[in-house]
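Notes to accompany the following structure.
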Amino acid sequence: MKKILFYTTFLTQGGGIEVVTERYMEKLLADGFKVDLYIDYNMGEQNVREKNINKKIKIKYLKPEKISKLIYYFRTQGKKNKIFNIPLYILILVSDYIIWKKEIDNVKKEKYDATITFFQFLPSYLTKVNGPKHFIFLHGSINKFFLGIRKFFKRNYFKKLNKFDYICTVSEEMGKELLELEPSFKDKQITLYNPIDFDEVKIKANDDTNLSEEDKKLLKDKYICSVGRLDESQKDFTTLIKAYYELKKDNLIEEKLYLIGDGPDKDKLQYLVVRLNLEESIIFLGRKDNPYIWMKNSKLFILSSKYEGFPTVLIEALILDIPIVTSNCPTGPKEILENNPLGTLVEVGNIKEFKMSIYKYLQENRKFSTRILLSRFNNKITKFI
């Protein structure tokens, strides 16, 4: 039996990466692999996804809880004041060095056939182990990796990537971005779409067992929705909220807007909603273990991101036959819709385009079949191991 070491960031509630982590490991187990899991950050009581991990998988947290939470604190504060990024980067570099100086021998003893580093900014210490094939996954538009202070580390970052045997991008568009920046990666770059369990999505979309009475009332209302981390550096809910405001102002929409997710900019977005006097119309539902039942009952799904990697949530909306209005951001939405009448692509940040596209779909009240795209996203990492 082949052995794989899967290395990722968190087991907190999180978002897309955390969900995809679970799906990848389940598929690897189903294909007959033995899987061990390294988690970079131990967030203590916040490790809520640990209960979802198959009992056959051995879990090891690398950074102690106090260090993990201190790093997360600096990261959160760094969004408000860049000065916090200095102790943030120092603490990450020092703790990684100390941890991996000891841990690398443990990895060597296990004699893995492959290691999968599942986030682009995790360190590359695993590549020091000879024998396994080493994979690293990139999530998000490559061009967005080098904003702010990161632009000074571009060359070093590409040197890190070059240590891996395979550089996995989660969309073709992202792969093209990578090769435009670094053509020498041509023989290393592969595109692997995020695994999606179509049956699981459909089953959960009809599962109301964990809903409160208040949730059930909200589900019966007419609404449109968006799902994602409330982080304006990427998700741009501000544009969606302002587009919705314009629709309400012109009496073009009766549906409410449900926002599913949590994140560092929740207070900022709630303040915007209050300022626009939309508290009764825009509902912050918070994180939901099962967002699919909310998506299924929605009249329209909206993604307003500035950038993505491969927004799996769009595929999930299509599985549920929900029409989509999405920003034409790098990377993924255009590739998913592929000029088919499954949704509308809107210019990033364009409030007027979002407004008119939302209005158009609500007026047409169209439904779609997803059969034409089911097979396009079923590729596997196992053929490279």
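The values are calculated or read from the model by the stated rules, or taken from the named source; none is laboratory data. A quick note: this is a predicted structure, and the numbers were derived from the prediction, not measured. Heads up, the Cβs are rebuilt from the backbone with ideal geometry, glycines too, and the neighbour counts pull from every protein chain shown.
Some observations on this one:
- Among residues of the stretch 264-282 that are farther than 18 Å from LYS249 by Cα, those with a Cβ under 9 angstrom from a residue that is surrounded by fewer than 16 Cβ atoms within 10 Å (Cβ to Cβ) and acidic (Asp, Glu), sequence gap 6+ or separate chain, pair up as GLN270/GLU279.
- In the stretch 59-97, of all residues being surrounded by fewer than 12 Cβ atoms within 10 Å (Cβ to Cβ) and at pLDDT 90 or above, the one that is farthest from ILE149 (Cα to Cα) corresponds to LYS66.
- Per-region count, the stretch 20-56, residues over 29 Å from VAL94 (Cβ atoms), touching a helix residue (DSSP H, G or I) at 6+ places or on another chain (Cβ under 7 Å) and assigned to a loop (DSSP other than H, G, I, E, B): 3
- Test: ILE17 is surrounded by fewer than 22 Cβ atoms within 10 Å (Cβ to Cβ) and touching a residue at least 60 places away in the same chain (Cβ under 8 Å): yes
- Being of a type in the set (Val, Ile, Thr) and part of a strand (DSSP E or B) is a property that does not hold for ILE17.
- Once the stretch 293-311 is narrowed to residues that are part of a helix (DSSP H, G or I) and touching a strand residue (DSSP E or B) at 6+ places or on another chain (Cβ under 9 Å), the residue that is surrounded by the most Cβ atoms within 10 Å (Cβ to Cβ) is MET295.
- Inside the stretch 266-292, residues that are under 29 Å from ILE196 (Cα atoms) and surrounded by fewer than 20 Cβ atoms within 10 Å (Cβ to Cβ) make up a count of 9.
- Candidates are the residues of the stretch 312-360 that are in a helix (DSSP H, G or I) and charged (D, E, K, R); the one that is nearest to the chain's Cα centre (by Cα) is GLU316.
- Residue list for the stretch 180-190, filter: in contact with a helix residue (DSSP H, G or I) (Cβ under 7 Å, 6 or more places away or on another chain), surrounded by fewer than 17 Cβ atoms within 10 Å (Cβ to Cβ) and modelled with pLDDT of 95 or more: LYS186, ILE190
- Screening the stretch 241-266 for residues that are aliphatic (A, V, I, L, M) and more than 19 Å from the chain's Cα centre (by Cα) and picking the one that is nearest to MET295 (Cα to Cα) gives LEU257.
- Which listed residue is touching a Ser or Thr at 6+ places or on another chain (Cβ under 8 Å) and either of a type in the set (D, E, K, R) or closer than 26 Å to PHE145 by Cβ (or both), from THR344, THR331: THR331
- In the stretch 37-51, the residues that are assigned by TED's automatic domain parsing to the domain that holds THR117 form Cβ pairs under 6 Å with partners that are buried (at least 22 other Cβ atoms within 10 Å of the Cβ) and polar (S, T, N, Q), at six or more places apart or across chains, as follows: TYR41/SER68; ASN42/SER68; MET43/SER68.
- The set of residues from the stretch 202-241 being closer than 28 Å to ILE142 by Cβ and aliphatic (A, V, I, L, M) comprises VAL227, LEU230, LEU240.
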